[in-house]
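Below: one structure, written as structure tokens.
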Amino acid sequence: MEAVIFCGIQGAGKSTFYKDYFFKTHVRISLDLLKTRYRENMFLQTCFSLQQSFVVDNTNANKRERHKYIAKAKAYKFKLIGYYFSVSLGEALARNEKRAGKENIPVAAVITTHKKLEVPSYEEGFDKLYKVEIVNGSFVIADM
């Protein structure tokens, strides 16, 4: 079983990456979709109880935000994999500008997330870490 934690600012490509790489194998845990921490926790607990692999598709911008997922995944003996979405603030804002409706995030929120972003590290408890970039419209994945 895998617990996959995405880390990156809004507009970095996280949800598109999920659809391309994990849609058929992992449950998607996302505050955008679930709306409340209570619902998120219920979905997480169900995944842990059923030994179901999942992806946390949130910004998870710093160690504090990631810790709760990491601690629980380790307690349930899930393999913990992190994907860090490396993108410049300008690129993220340009992608965000193309979004419509509720998917378009206020610029100030993207900037705030960018300011508090901490690159994930193995010291946090990850078993494997990858860096994801978008180059010429395609995802490029590298070991960290």
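Coordinate-derived values only; no laboratory data. In this text, all values refer to a predicted model and were calculated from it rather than measured experimentally. So basically every Cβ, Gly included, is an ideal-geometry build from the backbone, and we count neighbours across all protein chains shown.
Arrange the peptides 9-15, 108-114 so that the one whose residues have, on average, the most other Cβ atoms within 10 Å appears first.
Values: 9-15: 23.7, 108-114: 15.6.
Going from most to least packed, we get 9-15, 108-114.
The alpha carbon centroids of region 43-71 and region 85-106 are separated by 23 Å.
Taking the Cβ-Cβ separation of TYR76 and GLU97 as r and a Förster radius of 30 Å, what is the calculated FRET efficiency to the nearest 0.05? All intermediate terms of the calculation are to be shown ahead of the outcome.
Working: r = 39 Å, r/R0 = 1.31.
For R0 = 30 Å, the calculated efficiency reads 0.15.
For region 2-143, the relative contact order works out to 34 percent when only alpha carbon pairs closer than 8 Å and six or more residues apart are counted.
Summing +1 for each Lys or Arg and -1 for each Asp or Glu, what net charge is found among the other residues whose Cβ lies under 10 Å from the Cβ of SER53?
Around SER53, the surrounding residues sum to 0.
Summing +1 for each Lys or Arg and -1 for each Asp or Glu among the other residues whose beta-carbon sits under 13 angstrom from that of ALA12 gives +1. This ranking places TYR76, TYR18, TYR84, TYR38 by how few other beta-carbon atoms lie within 10 Å of each, fewest first, which gives TYR38, TYR76, TYR18, TYR84.
Sorted largest first, the principal axis extents computed over the alpha-carbon atoms of the chain equal 39, 31, 29 Å.
If a spin label sat at a point 7 angstrom from the Cα of ASP127 along the line to its beta carbon, the backbone N atoms of region 1-44 nearer than 16 Å would be those of 1-6, 26-27.
Using unit Cβ charges (K, R positive; D, E negative) and no other charged atoms, how large, in debye to the nearest 20, is the dipole of the chain about its Cα centre?
Numbers: 23 positive and 15 negative charges, 93 e Å.
Dipole size: approximately 440 debye.
Taking each DSSP H run with n ≥ 4 as -39500 (n - 2.57) and averaging over every residue of the chain yields -11500 deg cm²/dmol at 222 nm.
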